[in-house]
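Following: one structure in structure tokens, then a few remarks.
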Amino acid sequence: MVTTRHSTIRNTIVAGFVLLGILSLLTGVTGLYFVHSVVGVLNNVTDYTSPLVEGSDDLIMNLWEATKVAEEILADEELEDIRALTMEFRKLSGQFGRTYAGVLDLCADGVLRTKLENARARHTELVGHAEQMISARTKELEKRILVKRLLSEFDEIGSQLGSRLGTVAEGDEVTTAALERRGEGAGIPDAGAWGPDGERRKSLGEGSAFAQAALKLEHLTTTLQLTSSRYLLEEDPKKLGPIEREFQEAFSQVEPRLALMERTAGDDEERHGVAELKSLTASWQESAIGAGGLLFTYREQLAAGHHADELTEELEADADAAAAALNVVANAADRVSEEADDIGVVVAAPTVLVAAIVSSIVLIISMGTVITRVITTSTGQLEDTAERLRRSEAELRESHDVLERRVLDRTAELRAANERLRKEITDRERAEELSRRHQAELAHASRLSTVGELASGLAHELNQPLNAIVSYCVSCTQRIQSGALRPDGLLALMEKATRQAQRAGEILHRIRGFVRRRESFRSTTDINGLVREAVSFVDYEARQRGIQIELQLDDSLPPILVNRIEIEQVIINLLKNGFESMSEMKASDARLVVATSHCLEDGIEVAVSDRGAGFDKDVGERLFEPFFTTKADGMGMGLAISQTIIKAHGGRLWATPYPDLGATFTFVLPVAGRSHDDGI
């Protein structure tokens, strides 16, 4: 009975264990089937979300590439390159449309479809703004090419006009000087008439007026070229108006000068020259301010460039908005995928745990709990570790993508900035070269004007040695004819005539050196010698006006490195200004002092002081502005040119008024070895 009972108990236990084993097996199979089903569903979810995320990323990348191409179009300077980039941009737009259609088919969620449609709408706006920007940029480059051609035509006509004016003025001066020599050689007194109707005085007067009008017209052409250069260097459209009005105001002075030249023309050749000048001036004006001229075309170029910049900003805003909408779609798909992974972990883990527990009870009850606990703990740690690794990898990938985009964007910005800087340097060097040429032409014209104003004094100074030569030659002739020929007496007369001829040659050489157009050349020079030479030019005019010139020169001054002609021109301008300021004074009170000395700035100071009426504060603030003058017939360019010359030599020029006691004009130049680079 006991054996049977034990057997029954054993069988019952075995049956129980068998039943537990069967139940455990059924539970495990059921759990595995459930897990397999859940994993299958989650795999389907992942298969749905992955293409959606990849498509959104492709659309975002397409947007950034299209934006980059648009920026390259804005930075490029060649029309052929812009056409190629335009084709590339349109190709990217077509790719975006095809990718968008595929992503829209995958997206079933209504909210995400709305985001996709918003992104498509912003992309459409981006394409529209890009096409407008490309059109504006193309127009800007076409206008820039046209501006270069018009500028070349403008400069060519201006050079022809300046050359023609210089020829007319110099020819008229030569004719005037010849008339003066004829009259003085014939012994005609200054106050008398050459012929019964005063033909000599009329010819000289008209010739001088004709030459003065030609010189002033030459001044105007140089001023117009300088103004056009300032206009083409200005990049702010709001500042073009005042410069254009200044340009038109200068052009309005051309017609009266031409009319004066036409009235004072002395023969058919001069009248023909005036007609040519009028034709050239009309062509010049039409190329500058006519419909489709230089100024109008440059204004259109600036407007197209600013419009392209504004469209680029709108294009970037469209790209940012479209990318933001696509990021929402991609992030939503990522969240769905991550939630599916979390559901798989939550559902599968308990099922596996139950199966493991049941199996462990069948195999070994005592060790099951411990083994299950260890397995559960290890599994949780591994899952946490895997999750942290997954998050770290995602963050690293995102950081890498952001960094790569920033590097690409920064590289593009630096390339564009480098290109703009190179272009600006090239344009500035070209503008500076043009400005230097114009300044040299203006200085030359000023010297011609100065020589024209000093013509009578120079002619008188030249007439003295010529009269002496004639007297010595007549004396030699008379002695030879009378038979009273002595070699030693004849030799003495010829030596005197030779010295007077050398003196006349020195005067002509000095005048020729002063007015000759040449490249700027600097040499080591004694400033006192320059002062004395400049005073010799105006000495006759000073005596005619009754003005005493007093020189207070410091003989211990070191040499300076300057352009002799230019500094001499500055001194002459200051001396003539002093003469004009004392024109109403008594001869006994009119005195002009020219002083040289050391200055505290390690340079040489030259001061020209007069006893005229001086000037008030308002006039003093505008003394060195171009075209500002207090004289009725002045051009207002002498002091402006003088200041430009002194600045180019590394010095400075200023004026100090003394009420009722005159004024002092002072300039400072550095000594040799400290001079700046040649600026004119």
Residue count, region 547-563, condition surrounded by 16 or more Cβ atoms within 10 Å (Cβ to Cβ) and not polar (S, T, N, Q), comes to 7
What's the number of the condition E383 fails, among (1) at pLDDT below 85; (2) open to solvent by 100 Å² or more (accessible area, probe 1.4 Å)? (2)
List pairs: first residue in region 264-279 and touching a residue at least 60 places away in the same chain (Cβ under 8 Å), second residue acidic (D, E) and open to solvent by less than 60 Å² (accessible area, probe 1.4 Å) anywhere in the structure, Cβ distance under 9 angstrom, at least six positions apart or on different chains. G266/D172; E270/D172
Does region 121-134 contain any residue that is farther than 21 Å from A66 by Cβ, out of contact with any strand residue (DSSP E or B) (no Cβ under 9 Å at 6 or more places or on another chain) and part of a helix (DSSP H, G or I)? no
Residues that are in contact (Cβ under 8 Å) with a residue 12 or more places away in the chain, open to solvent by 30 Å² or more (accessible area, probe 1.4 Å) and either out of contact with any Gly (no Cβ under 6 Å at 6 or more places or on another chain) or over 26 Å from L220 (Cβ atoms) (or both), drawn from region 618-628: F624, E625, P626
Which of the numbered conditions does M61 fail, given that it passes all the others? Conditions: (1) closer than 17 Å to T312 by Cβ; (2) open to solvent by 40 Å² or more (accessible area, probe 1.4 Å). (1)
Under 8 Å between Cβ atoms, at least 6 apart or on separate chains: pull out the pairs that start in region 463-474 with a residue that is open to solvent by less than 70 Å² (accessible area, probe 1.4 Å) and end on any residue that is at pLDDT below 70 and polar (S, T, N, Q). P465/Q500; L466/Q500; A468/Q500; I469/Q500; Y472/Q500
Within region 511-531, count every residue that is exposed (fewer than 15 other Cβ atoms within 10 Å of the Cβ) and either assigned to a helix (DSSP H, G or I) or modelled with pLDDT under 70 (or both). 7
Of residues in region 649-667 being in contact with a helix residue (DSSP H, G or I) (Cβ under 8 Å, 6 or more places away or on another chain) and over 17 Å from N577 (Cβ atoms), the one modelled with the highest pLDDT: R652
Of the candidates L551, L557, L561, L574, the one satisfying the condition of being touching a strand residue (DSSP E or B) at 6+ places or on another chain (Cβ under 8 Å), over 18 Å from V668 (Cβ atoms) and either among the polar types (S, T, N, Q) or modelled with pLDDT of 90 or more (or both) is L551
Closer than 20 Å to I646 by Cβ and either in contact with a Phe, Trp or Tyr (Cβ under 9 Å, 6 or more places away or on another chain) or in a loop (DSSP other than H, G, I, E, B) (or both): is that true of L561 in this structure? no
For region 276-299, state whether one or more residues are within 30 Å of L116 (Cα to Cα), under 25 Å from the mean Cα position of the chain (by Cα) and open to solvent by less than 60 Å² (accessible area, probe 1.4 Å). no
When region 582-614 is examined, which residues are found to be part of a loop (DSSP other than H, G, I, E, B) and not acidic (D, E)? M582, S583, M585, K586, A587, S588, A590, L600, R611, G612, A613, G614
In region 636-655, how many are out of contact with any Pro (no Cβ under 7 Å at 6 or more places or on another chain) and in contact (Cβ under 8 Å) with a residue 24 or more places away in the chain? 12
Filter region 80-89 for residues that are open to solvent by 40 Å² or more (accessible area, probe 1.4 Å) and within 23 Å of E424 (Cα to Cα) and give the result. E80, D81
Out of P196, P237, sole residue that is modelled with pLDDT under 80 and surrounded by fewer than 17 Cβ atoms within 10 Å (Cβ to Cβ): P196
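Here's the yes/no breakdown for (1) buried (at least 17 other Cβ atoms within 10 Å of the Cβ); (2) closer than 30 Å to E140 by Cβ; (3) at pLDDT 70 or above:
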position: I9; (1), (2), (3): no, no, no
position: Y33; (1), (2), (3): no, no, no
position: H36; (1), (2), (3): no, no, no
position: Y48; (1), (2), (3): no, no, no
position: A66; (1), (2), (3): yes, yes, yes
position: E78; (1), (2), (3): no, yes, yes
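The values are calculated or read from the model by the stated rules, or taken from the named source; none is laboratory data. Worth saying up front: this structure is predicted, and the values here are computed from it rather than measured. Neighbour counts are summed over all protein chains in view; Cβ atoms, including those assigned to glycine, are modelled from backbone coordinates with ideal geometry. To get the accessible areas, we keep the full protein, side chains included, count just its heavy atoms, and leave off ligands, DNA and RNA. Shrake-Rupley method; radii C 1.70, N 1.55, O 1.52, S 1.80 Å.
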